[in-house]
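The values are calculated or read from the model by the stated rules, or taken from the named source; none is laboratory data. Please read all numbers here as calculations on a predicted model, not as lab measurements. Because the Cβ atoms are built from the backbone with ideal geometry, glycine has one as well, and the counts that use them run over all protein chains shown.
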C-alpha cells in the first residue's frame, strides 16, 4: 500500500511573500468577480484575466524559462493555484493548459511543439481543452472511436468528442484518438495516440450543450475529415493511453479538487459569525479543509520530487470531491436560502446545481475508488 | 516529517510488540491481567523518555518523531501505556520534575486516568500545575472505556513527591492536548490494522464462488476506508508538526482539527470494517473488535469530534478576517 502513503511537506522558502504577491494581484481584480464568477471557480473563463495572470509569470511557472516558464517549484505553483481558487478567480482560460496540456507538451513534445505552444500557453494567448469522452465512451475510455488516419502530409481526423469544457471558447484541443485498430482480442488501449487539434480548422464543428444552469459550458465537437499536419502527434504514436494516464496525477492532484466551493464556505463564515448554533458544523468544515490541504500539499511535494503519485491523487480527489460537493447542503442546514445575503444566495444557487459534476469531471468517484482498491490489492 | 532515528525506533517497537503481545495478551488484559512481559519488553527499548530533552537524560525526539510511534502502538492495540508514559515524562520534564522510572500516566481534574491502577506514578494536572503522585498516594475508583482499557478515577490520599508549574508554551490545557495528540496517532494506527484485516478478509472469504473483494460494492467501501485511514495519518502527523513548531498550547487549532478528522475517520472506518467481516467480525473470538472498540473509545478521549468542532468553529467565527489566510498563515508565518 505504498501508493497510499503521504509525507507532509513544509511550505517552500518565500511562501508567505509569494502568497502576499498573489493576494495583492487578486485584490486588484476582485471587484470584477461577481458571485457567479466566484462560484464557478476554475470553470470561469476570462481571457483578459488569464493574460494578466500570464503577465505575472504564473502560468506554466514550473516550466523552463526558454519556453516561457519561470522555473519555480511545484510547491510554489501550488500556492498560486490555492490563492486563485480561494478567491474564486476565473482561471478557466488557462487552467487546462497550465495543469495538463502544457506539462504534456513539455514532457513529450518535439522541440518545435515546445517552442510554439508553451510560451503561448504561458502568456495566456492559447487556451486548451481536453478531448477524452465520446458519446459512447465515458469511464470506459479505451472504447473510444474517434480516428486519425495517416494520409499524405499528416492525419485525417474523424469522429466526435463530447463534454468538452469550454471547447467553444478554446483554441486547441489535445485529443485522445485511435490511430491504429486494437489488436484482435487484445487490449483496446493499444493503438491510441494524442493529437493536437486546432479548433479553428475546417471540418471542426462545435456545438455548445446547454447545461442545467442554462449556460453553455461544455460542448460536442465533431471532426469531419479534419486535416492535421504531420507534427500534430504528441509523443509516441500508439502510446496515447499510457501518456494520457500519466497525466492523471497532474489532473487530479491539485487544490481544484477540494476548493471548488471555497468561496461559499468563506461567505458562510462571514454570514454566520454571530451564530453560536452554527459553530460545530463550521468547525467540522474547517477541520476537513485543513486535513485535505495537508494531503494536497503532500501530493504537490511528491510531484516536486519527480514521483508519480497517481494513487494519492485519486485518494485526495475522492475525499476532496466529497467535501466540496457536500458544502452547499451543509450551509443550507445552517441558514435558510431565503435568509442568505444576496451574493451568498447566488453562489449557493449556482453551486447547488453544479456540485454533482465535481465527482464526475477528471474521473468519476467510482473510478477513483477503483484505483484505490487496486492499490489495496483487491483487483 | 519524522527523522530516520524515529522511524527506526518505531520499527523496533513494532517488532517488540509483534513478539511480546498478541490477541491472547489483549484478551488477558480485558480479564484484568497486567501484561508485565509486554511492558518489560517495551521499556527495555528506553523510550519512556522519548520526548524528554537529551540534556535532561531523555532521547530528545520531537513530537513529529513520536507520531509514527503512536501509530505503531495503535496498530498493535498496544496493551500497555507506553504512549501515556512518554507523554507523562514529557510533561513532568517540561515542568522541571525528573520523571521516575516505571509505568507513568497522567490526567487532569476529576477525569478518568488512562491505565491509572497499573501505574507506579501519576502526573496530575490542574491547569498548568502539575503534581507527581506515587501509586500509594492515590485510591482508585476503577473503570474502563468500551474497549475495557483501564480508565480509573483517582482520590488523593497522600502527598505528591513533586509539584511544579508547566512553562507557558505548554499551557493550561496540556493534559487535554497531549491526550488528543496521542489518541490521534493511535487511531490512525488502529485504522491501518483494521483496514489490513478487512482487505485480507475480502481477498479470502468467498461467496458466489469468488472472493468478496472482487465485488465492486466491497471494493468501493474499502477504498473509502483506505482514504479515511490516510487522512487520519496525515492529520495526526500534521498536528504533531504544529506542536514542534509552536509548542503544545499554540497548536491547539491543529490538534483539534486532527482530532475531528481522526474521529470522523474512525467512525466511517470501523463501520466499513464490520460490514466487510459481517457476523464473524462481531464475535469475541475474532480480533477485529480489539481495534474497532478502541477506535470508538479513543474518539472520546482528548475531546470528541463534537467538542473540538464547537471550539474550532468558534475560533473560526472569531477571526478578524477570512478563514483561508488564517489557515495558510499558520503554516507559513514561521520559517523553520
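Annotations for the structure displayed:
The rows are residues; the columns are (1) more than 10 Å from every other protein chain (Cβ to nearest Cβ); (2) more than 20 Å from residue A:371 (Cα to Cα).
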position: B:201; (1), (2): yes, no
position: B:206; (1), (2): yes, yes
position: B:221; (1), (2): no, no
position: B:231; (1), (2): no, no
position: B:235; (1), (2): no, yes
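- Restricting attention to segment A:110-126, the residues that are more than 18 Å from residue A:194 (Cβ to Cβ) and touching a residue at least 60 places away in the same chain (Cβ under 8 Å) total 4.
- Flag not set for residue A:200, criterion: modelled with pLDDT of 95 or more, within 23 Å of residue A:93 (Cβ to Cβ) and assigned to a strand (DSSP E or B).
Conditions tested, residue by residue: (1) in contact with a helix residue (DSSP H, G or I) (Cβ under 8 Å, 6 or more places away or on another chain); (2) assigned to a helix (DSSP H, G or I); (3) not assigned by TED's automatic domain parsing to the domain that holds residue B:64.
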site: B:154; (1), (2), (3): yes, no, no
site: B:160; (1), (2), (3): yes, no, no
site: B:190; (1), (2), (3): yes, yes, yes
site: B:193; (1), (2), (3): yes, yes, yes
site: B:200; (1), (2), (3): no, yes, yes
site: B:222; (1), (2), (3): yes, yes, yes
site: B:225; (1), (2), (3): yes, yes, yes
site: B:228; (1), (2), (3): yes, yes, yes
site: B:234; (1), (2), (3): yes, yes, yes
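- Tallying residues that are under 14 Å from residue A:258 (Cα atoms) and not in a helix (DSSP H, G or I) within segment A:345-371 yields 3.
- Here is the figure for segment B:288-336: residues that are in a loop (DSSP other than H, G, I, E, B) and farther than 22 Å from residue B:265 by Cα total 9.
- Some residue of segment B:48-61 being part of a loop (DSSP other than H, G, I, E, B) and closer than 18 Å to residue B:294 by Cβ: no
- Which listed residue, of A:150, A:156, is at negative phi, touching a residue at least 40 places away in the same chain (Cβ under 8 Å) and assigned by TED's automatic domain parsing to the domain that holds residue A:221: A:156
- Yes/no for residue B:71 being in contact with a helix residue (DSSP H, G or I) (Cβ under 9 Å, 6 or more places away or on another chain), within 14 Å of chain A (Cβ to nearest Cβ) and either surrounded by 16 or more Cβ atoms within 10 Å (Cβ to Cβ) or on the phi > 0 side of the Ramachandran plot (or both): yes
- None of B:64, B:93 is part of a helix (DSSP H, G or I), at pLDDT 95 or above, within 15 Å of the chain's Cα centre (by Cα) and surrounded by fewer than 23 Cβ atoms within 10 Å (Cβ to Cβ) except B:64.
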